[in-house]
Amino acid sequence: MAANTSVLIVEDEPAIVALVSYSLRETGWEVRSAGNVAQAWESIVQARPDLLLLDWMLPDQSGLRLLSRLRGDRDFQDVPVIMLTAKSMEEDKIAGLNTGADDYVTKPFSPRELLARSKALLRRKSPHLAEAPLSAGALTLDPASCTVTLEGRQLDMGNAEYRLLKFLMAHRERVFSRSQLLDKVWGDAAAVEERTVDVHVLRLRKALKEAEKLIRTVRSVGYMLSEKEK
């Protein structure tokens, strides 16, 4: 899927939110969360997500109520939805699917399986989000094969540097602070300090060889990827 794919997790258990968020951010997706139906609807109206991961049991209302409201709104009726719930009875699954859920994952679940189901659903319902190679000058990053090439030559780099490069290439010409990069690239669940970002930037520049100039330091702010001449 595209690196800027946005996902809204509607779940009131912080541990599950942290686990799922980390898994999705690993693949480069943008992740938001809401702990109840009211917060979720406000978030959806402010910025329509590409995918909704929706818990059944929420503090204020049932997740099915939110799903029913989505499907009845012409602006959001086609948002892909995967239900996340401890309800595993067949009649519960049927109720969720009949209300408009596209898929159904019961707790406890594997984050890898959830990611695979999410990608499959987006390929089916949102083909415009299909993952495509990213390029900047002579540099190309292919998310499908997780490879980076410079003028056709494959470059070697660590996983952290690859994820950092992928994010910056997907958001070219935008400056991000160290704390923003921590959140967007490593996620809240990662035990990474801000100064560690500098280390990964240094490693990334070394791995990029003559393309290292693409990674710019913006004094007192952070980093960006730019093809523009200084």
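Worth pointing out:
- Flag for Leu182 being outside any loop (DSSP other than H, G, I, E, B) and crowded, with 19+ Cβ neighbours inside 10 Å: no
- Top-ranked residue of the stretch 144-173 - restricted to ones that are touching a residue at least 24 places away in the same chain (Cβ under 8 Å), in contact with a strand residue (DSSP E or B) (Cβ under 8 Å, 6 or more places away or on another chain) and not hydrophobic (A, V, I, L, M, F, W, C), ranked as nearest to Val197 (Cα to Cα): Lys166
- Within the stretch 44-68, the set of residues being crowded, with 18+ Cβ neighbours inside 10 Å and under 16 Å from the mean Cα position of the chain (by Cα) comprises Ile44, Pro49, Asp50, Leu51, Leu52, Leu53, Leu54.
- Residues that are hydrophobic (A, V, I, L, M, F, W, C) and crowded, with 22+ Cβ neighbours inside 10 Å were ranked within the stretch 18-36; the one that is nearest to Leu141 (Cα to Cα) is Trp29.
- Residues that are more than 14 Å from Ala136 (Cβ to Cβ), within 20 Å of the chain's Cα centre (by Cα) and of a type in the set (D, E, K, R) occur in the stretch 161-168; there is at least one.
- Residues (assigned to a helix (DSSP H, G or I), in contact (Cβ under 8 Å) with a residue 60 or more places away in the chain and not β-branched (Val, Ile, Thr)) located in the stretch 1-60: Ala18, Leu19, Ser21, Tyr22, Ser23, Leu24, Arg25, Glu26
- Screening Lys206 on (1) modelled with pLDDT under 85; (2) in a helix (DSSP H, G or I) shows it passes everything except condition (1).
- Single residue of Leu121, Leu97 found to be within 18 Å of Arg25 (Cα to Cα), among the aliphatic types (A, V, I, L, M) and in a helix (DSSP H, G or I): Leu121
- For Glu131, the criteria (1) outside any loop (DSSP other than H, G, I, E, B); (2) touching a helix residue (DSSP H, G or I) at 6+ places or on another chain (Cβ under 9 Å); (3) modelled with pLDDT under 85 hold in every case but one, which is (1).
- Residue within the stretch 114-126 that is surrounded by fewer than 18 Cβ atoms within 10 Å (Cβ to Cβ), within 23 Å of Glu227 (Cβ to Cβ) and in contact (Cβ under 8 Å) with a residue 12 or more places away in the chain present: no
The values are calculated or read from the model by the stated rules, or taken from the named source; none is laboratory data. Since we're looking at a predicted model, the values are computed, not measured. Reconstructed Cβ throughout: ideal geometry from the backbone, glycine too, with neighbour counts over all protein chains shown.
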